[in-house]
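Student: One structure follows; several queries about it will come next.
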Amino acid sequence: MRVYVFGAGGHSEVVVGTLLDLDIATGGLFDDQPYTWGKEVLGVKVLGPIVDGAKLNGEVGIIAVGDNASRLELAHKLSGWNWTTIVHPKAWVHSSVQLGPGTVVCAGAIIQPNVHVGSHCIINTGATIDHDCVLGNFVHVAPGVHLGGNVFLGEGTLAGIGGIVMPGKRIGEWSLIGAGGVVVKDVPARSVVAGVPAKIINKLTPLKEDLP
C-alpha cells in the first residue's frame, strides 16, 4: 500500500513518522502553501498543492492537519479518496476498538475496550481513552489528554493538551477544552471550557457548512 499525505505542517511530521515506523510506503505530500512545494518532510517530498492531489482520486490517503475544521473541509473536497487508518506500533489499542477511516493514533496512546472513534480523528501522543467512550468524527484528543470511561465527545471537539474529562461526561459538538482543563460536568455544543474545574468561558460560532 502507498499512502499520500495531505498537509505539510507540523502534524505531518507525526503522520509521516508513523507511516515510516509502520513500514508503509508514502507516495508524497500535498499542501497549499507554496513555500512547502519541493521540500521534504522526513525524507518524503511535498509534490504540490491540494488540487494536484485531488487529481489522483481513488488513491489511498490520510489528512495530516491538526485543525478539526480544516480536516473536515479537506475531507469534503477529496471525497473520492480511500482514507486509511494508521496506528503507531507503540500505541496500544484493544481489539474491540472501532476506528473510523482517516483516523490517526499516535505513539504512546492507549485506547481501552469498546471505544468507538469516528472518521478523521487524531488520538495524539500519550493520550488515554478508557472503556466505552464514543468520539465523533473530526475529533482531536491532544497529547496527554485523559478521558474516563463512557465519555462522549461530539463531532469536531478539541480536547486540549493535558485535559481531563471525568467518566460519563458528554461534550457537545465543536467544543474546545482548554489545555489542562478538568471537565466534571456535561458541556453544551460549541462551548469553550477551561480551568479546574472547567467552566464555560466562550461560545463558538457555527461552521460555514451549518449557516443558512
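Student: If the only charges are +1 at each Lys and Arg Cβ and -1 at each Asp and Glu Cβ, what is the size of the charge dipole of the chain around the Cα centre, to the nearest 20 debye?
Tutor: So the dipole magnitude of the chain works out to roughly 360 debye.
Student: Stokes-Einstein diffusion coefficient for segment 95-212 at 4 °C in a medium of 1.567 mPa s, Rh from the Kirkwood formula over Cα pairs: what value in µm²/s?
Tutor: 95
Student: Among Met1, Met166, which comes first, second and so on when ranked by fewest other beta-carbon atoms within 10 Å?
Tutor: Met1, Met166
Student: Taking the 0 to 90 degree range and rounding to the nearest ten, how far is the long axis of helix 10-21 tilted relative to the main principal axis of the chain, both from C-alpha atoms?
Tutor: 70
Student: Report the FRET efficiency, 1/(1 + (r/R0)^6), for Lys90 and Lys203, where r is their Cβ-Cβ distance and R0 is 35 Å, rounded to 0.05.
Tutor: After rounding, the FRET efficiency stands at 0.35.
Student: Just add up the charged neighbours of Lys169: K/R +1, D/E -1, any other residue whose Cβ is under 13 Å from the Cβ of Lys169.
Tutor: Taking every other residue near Lys169 into account, the sum is -1.
Student: Related question: Expressed as a rounded percentage, what relative contact order does the chain have, with Cα pairs under 8 Å and six or more residues apart?
Tutor: 11
Student: Quick one: length gained pulling Asp186 to His116 fully straight, 0.36 nm per residue minus the C-alpha distance?
Tutor: Stretched fully, the Asp186-His116 segment lengthens by 23.3 nm.
Student: Could you tell me how far the Cα centroid of segment 153-205 sits from the Cα centroid of segment 80-121, in Å?
Tutor: Segment 80-121 and segment 153-205 have Cα centres spaced 21 Å from each other.
Student: Quote to one decimal, in nm, the extra length available between Asn150 and Ala25 on full extension: 0.36 nm per residue of separation minus the C-alpha distance between them.
Tutor: This chain segment gains 41.4 nm when fully extended.
Student: On to the next question. Could you tell me the calculated FRET efficiency between Asp32 and Ala179, based on Cβ-Cβ distance and R0 = 30 angstrom, to the nearest 0.05?
Tutor: 0.60
Student: Relative to 2.2 N^0.38 Å, what does the C-alpha radius of gyration of the chain come to as a ratio? Two decimals please.
Tutor: 1.00
Student: In the neighborhood of Val51, defined by Cβ-to-Cβ distances under 13 Å, what is the net charge if each Lys or Arg adds +1 and each Asp or Glu adds -1?
Tutor: For residues surrounding Val51, the net value is -1.
Values quoted throughout were computed directly from the atomic coordinates according to the rules given, and no laboratory measurement underlies them. Keep in mind that what you see is a predicted model, and the values were worked out from it rather than measured. Cβ atoms come from the backbone with ideal geometry, glycine included; neighbour counts cover every protein chain shown.
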